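Novice: For reference, the structure I am asking about is given below.
The values are calculated or read from the model by the stated rules, or taken from the named source; none is laboratory data. Note that this is a predicted model, so its numbers are computed, not measured. Ideal geometry is used to build each Cβ from the backbone, glycine not excepted, and the neighbour counts take in all protein chains shown. Note: areas computed on protein heavy atoms with side chains; ligands, DNA, RNA excluded. Shrake-Rupley method; radii C 1.70, N 1.55, O 1.52, S 1.80 Å.
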Amino acid sequence: MIQIKTSYEIDQMRLACQISQEALMAGGAAVKPGATTWDIDKVIYDYIVHHGAKPNFKGLYGFPGTACISVNDVVIHGIPSKKVVLKEGDIVSIDTGAAVRGWNGDNAYTFPVGTVSPRAQRIMDVTREALARGIAAAQPGNRIGDIGAAVQQYVEENGYSVVRTYVGHGVGRQLHEDPEVPNFGTPGRGPRLVPGMVLAIEPMVNEKSHVVETLSDGWTVKTVDGGLSAHFEHTVVITSKGPVILTQSRVKTGG
Ligand code: MG
C-alpha cells in the first residue's frame, strides 16, 4: 500500500534526508586514489552518527556496511572493504541513507576518482541528467510510468541501458515502501502520483547491456559484460506544485 505523508510527516522526513545527502557528500569528499571503500564507509558512518541520525542501510536485510559502494562495473550493493582500493580513473557509486526518529532518507551519487576518461565522465553525466528528467516527470497527476519513461528515453537515446532488475521505491517509515519506481516504463501507466507521496528515484545506467549478475557474496551486483555503470538517486516528495527534492544539504557541499 502506498503511504501518503502529511506535511508534518514530510517535515520529519526532511532532516533524515538532509543528513543522508550531507553524509553522501562527505563520503564523496573522501573519494581519492588510494582510499579504500572501507575508509569512505567510515566517513559516512561518522557523519551520520555525529549528527544524531541512524545509518539505515546497516543491518538491513543483513547488509554489513553503512553505504553501498560500487566501483566501475559494479552497479549497486558493493560491500565496503579494505581490499577495494580506489585508483585514478575509477568511478565509484555511493548509495547511502540516514534515519531520524524512524523516518528515512535515501540517496546515491557516482563520483570520479581523480581524473577520469571522457567515457567514464559521459555515463555519469547522462545518469545524473536521467535522474533530473525522472524527477521532472514526477508531477502530481502523472503516473509512475511517466517517471520511468522519461528516464529510459533519455538513457537509451544516449546509447546506454537502464537496469531492469532493481528499481526505485517509496520511502517513509520504511526505507523501501510501495510503490516500485522502475527506470523504464510506459507513459500514463502505473499508480497515479499524488501530493504527499515520497519516492526514491534512482536510475542505474549501464554502458552496455542492462543485464546484471549477483556475485557469490550475495550482495555485489555487476554488469554481466564488464561495462561501466552509474547510479544517481534522490528522495523526492510530490507536492501540489510539483516534485521537491528532500535529499538536499543544509550546507553547500556541491551535491
Ligand atoms: Mg533507494
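Novice: Which FRET efficiency value, to the nearest 0.05, do you get for D11 and A136 by plugging their Cβ-Cβ distance into 1/(1 + (r/R0)^6) with R0 = 22 Å? Mind dumping the intermediate values first?
Specialist: Values: r = 24 Å, r/R0 = 1.08.
Once the sixth-power term is evaluated, E becomes 0.40.
Novice: Next up: Considering Cα pairs under 8 angstrom that are at least six residues apart, work out the relative contact order of the chain and quote it in whole percent.
Specialist: Details: 705 pairs, mean separation 60.4, N = 255.
Reported relative contact order: 24 percent.
Novice: Would you please give the residues with an amide H less than 5 Å from that of V75, counting only those at least 5 places away or on a separate chain, with H modeled from the backbone geometry?
Specialist: V221, K222, T223
Novice: When the Kirkwood radius is taken over all Cα pairs of the chain, what Stokes-Einstein diffusion coefficient follows at 10 °C and 1.306 mPa s, in µm²/s?
Specialist: Rounded to a whole number, D works out at 89 µm²/s.
Novice: How large is the Rg to Rh ratio of the stretch 78-224 when both quantities use alpha carbon positions and Rh follows Kirkwood?
Specialist: Taking Rh as the inverse mean 1/r over Cα pairs, Rg/Rh reads 0.98.
Novice: If you don't mind, there's one more thing I want to ask. In nanometres, what is the gap between the two model label sites at V211 and S117, each 7 Å from Cα along Cα-to-Cβ?
Specialist: Calculated label separation equals 2.3 nm.
Novice: Moving on to the next point. Rounded to a whole number of µm²/s, how large is the Stokes-Einstein D of the stretch 13-61 at 25 °C and 0.890 mPa s, given Rh as the Kirkwood radius over C-alpha pairs?
Specialist: Working: Rh = 11.2 Å.
The diffusion coefficient I find is 220 µm²/s.
Novice: Let me ask something else. Carbon and sulfur together cover what percent of the accessible area of the stretch 7-245 at a 1.4 Å probe radius?
Specialist: Of all accessible area on the stretch 7-245, carbon and sulfur atoms account for 52 percent.
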